[in-house]
Structure formats: structure tokens, C-alpha cells
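Computed from the coordinates by the stated procedures, all read-outs in this text should not be read as laboratory data. Everything quoted here is computed from the prediction, not taken from an experiment. All Cβ positions, even for glycine, are placed from backbone atoms using ideal geometry, and neighbour counts span all protein chains on display.
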Amino acid sequence: MKIEKRKKLKELYNQYEEDVAEFKKSAACVKGCADCCIDVGNIDITTLEGIIIHDRGATFEEPLKSEIKARLALNKMQRENVRLSRCAFLKADKTCMIYDIRPFSCRRLYSVKKCDGASPTIHRQALNLANQTVKKIQRLDSSGYSGHISYILFLLDKEEFRKLYLRGKFKPQKIADFGRSHGILINRSVSR
Ligand code: SF4
């Protein structure tokens with residue numbers, strides 16, 4: 001995966017933060033409030049974001065590395081059974097162990113009211129900007145896919161898929177069955 005794409009992804013993250021800075025000033029979010037990370041059912045990522053997380057995971061030492069793998073497998077199973085569960089990367093103190101590279105799904109979330117189990121309350125303009133940014137990320141990752149964090153990391157853990165993706169090859173037929181059953185989106189088809 002070209003360094004250029006990773007750089008561009010960061011620029012998109014930064015641009016979004018700049019665009020919504022005024023809205024976020026009224027956010028009720030505080031460090032350690034992890035409602036979004038526990039109701040992780042909606043944390044969808046692109047393969048571009050996934051490969052960055054995959055690479056970070058490869059640097060984890062044991063036993064953390066195995067623990068994260070097991071937690072991701074549990075997330076995947078819970079998601080397949082339409083259940084929510086805490087994100088594999090959420091630490092016991094409710095902070096994120098991959099905060100600097102967290103995906104856009106996590107960056108776009110904030111709430112002007114304390115959630116207390118409800119959905120976050122976000123400015124409509126920020127929501128629109130976030131949706132536009134998602135499309136831009138999907139366009140940037142045009143030979144990739146989008147889906148739940150546990151599904152995308154599951155695919156990237158497979159050497160054949162990872163190598164194909166890193167070489168910029170686009171062969172959706174290789175994951176057709178998994179893609180259909182797990183709601184995986186083809187970025188180039190949904191990013192317009
Ligand atoms: S990646 Fe980090 S910020 Fe995102 S849901 Fe997981 S713990 Fe929360």
C-alpha cells in the first residue's frame with residue numbers, strides 16, 4: 001500500500017476535524033466515556049484504515065497480540081449474531097489503544113448531549129460532512145472494501161487477501177460469499 005494513500009487519509013481526517021471544529025466545541029464527550037466503543041456495532045472501516053490497524057497489531061507483544069486476536073474473533077461472532085460488544089481495542093480504563101490511528105467511524109462520533117445509552121446527538125452539518133468524508137475515503141481506497149471493523153480485519157488477516165490488496169489488485173469475486181453474507185461494500189461501487 002502506497003505511503004501516499006496513508007498520507008492522504010490523514011489529510012482527510014485532519015480536514016474533517018478542521019471543518020467540524022466549531023461544532024465539536026459543544027461536545028459533551030470526555031476522555032474515558034466509551035459508549036461509542038462499547039456499542040461497536042456501527043464501527044465500520046475501509047481496508048485502507050484496516051491495513052494500518054493490522055500493521056499496528058503486528059507490533060503488539062504477547063500476550064496482548066493473542067488477546068486482541070481473540071477479542072476480534074469474539075466481536076466478529078457477536079456481530080454475526082447481531083449483538084453489540086466492546087471494541088477489541090478498548091482498554092480497561094476505557095481509553096483507546098490505537099487512538100492515533102483510530103478509524104474515521106470513531107473520529108466522526110461526538111455528541112452534544114451525554115448519551116447515557118442513547119444514540120449520540122450530532123449537528124446535521126457535521127453529519128453531512130462526515131458522510132462526504134466517508135465517500136472520499138472510499139474513493140481513495142478504490143481497490144478496497146468497507147465493512148465492520150472485525151470483518152475487515154478478519155479479511156486482512158488472511159495472507160492471500162492482504163497480499164492482493166497491498167498489490168492494488170481488485171478481485172472481489174475472491175471474497176464474494178463472505179462479502180454477501182457479511183455486508184461488505186465494494187468501495188468503488190459505493191463511493192460515488
Ligand atoms: S478503535 Fe478506539 S475509539 Fe474506535 S471504537 Fe475501538 S476503542 Fe473506541
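Couplings 3J(HN,Hα) for region 25-35, derived from phi with the Karplus relation 6.51 cos²θ - 1.76 cosθ + 1.60 (θ = phi - 60°), are 4, 9, 5, 8, 5, 10, 4, x, 8, 10, 3 Hz, where x marks Gly and Pro.
Evaluating 6.51 cos²θ - 1.76 cosθ + 1.60 at θ = phi - 60° for every residue in region 172-177, the Karplus couplings come out as x, 4, 5, 10, 4, 5 Hz, glycine and proline recorded as x. Using only Cα coordinates, the Kirkwood hydrodynamic radius of region 3-190 works out to 17.2 Å. Near PRO172, once Lys and Arg are set to +1 and Asp and Glu to -1 for all other residues with Cβ below 12 Å from its Cβ, the sum equals +4. Against the empirical curve 2.2 N^0.38 Å, the C-alpha radius of gyration of region 1-74 lands at a ratio of 1.38. Once you reduce region 127-151 and region 175-191 to the center of their Cα atoms, the two points are 12 Å from each other. Its Cα centre serving as origin, the chain has a Cβ charge dipole (Lys and Arg +1, Asp and Glu -1) of approximately 540 debye.
Scanning residues 5 or more positions from TYR145 or on other chains, those with amide H under 5 Å from its amide H are THR47, LEU48, ASN187, with H placed 1.01 Å from N in the peptide plane. Per-residue ellipticity at 222 nm for the chain, helices alone: DSSP H runs ≥ 4 residues times -39500 (n - 2.57), over residue total, nearest 500 deg cm²/dmol? The per-residue figure over the chain is -16000 deg cm²/dmol.
Relative contact order of the chain, please, whole-number percent, based on alpha carbon pairs below 8 angstrom and at least 6 residues apart. Present the calculation step by step, with values, prior to reporting the outcome.
Details: 223 pairs, mean separation 60.5, N = 192.
In percent, rounded to a whole number, it is 32.
The Kirkwood radius of region 102-147, taken over pairs of alpha-carbon atoms, gives through the Stokes-Einstein law at 10 °C and 1.306 mPa s a diffusion coefficient of 133 µm² s⁻¹. Considering only GLY183, VAL30, THR59, and ranking their Cα positions along the charge dipole of the chain that arises from unit charges at the beta-carbon of Lys, Arg, Asp and Glu, the one farthest toward the positive end is GLY183.
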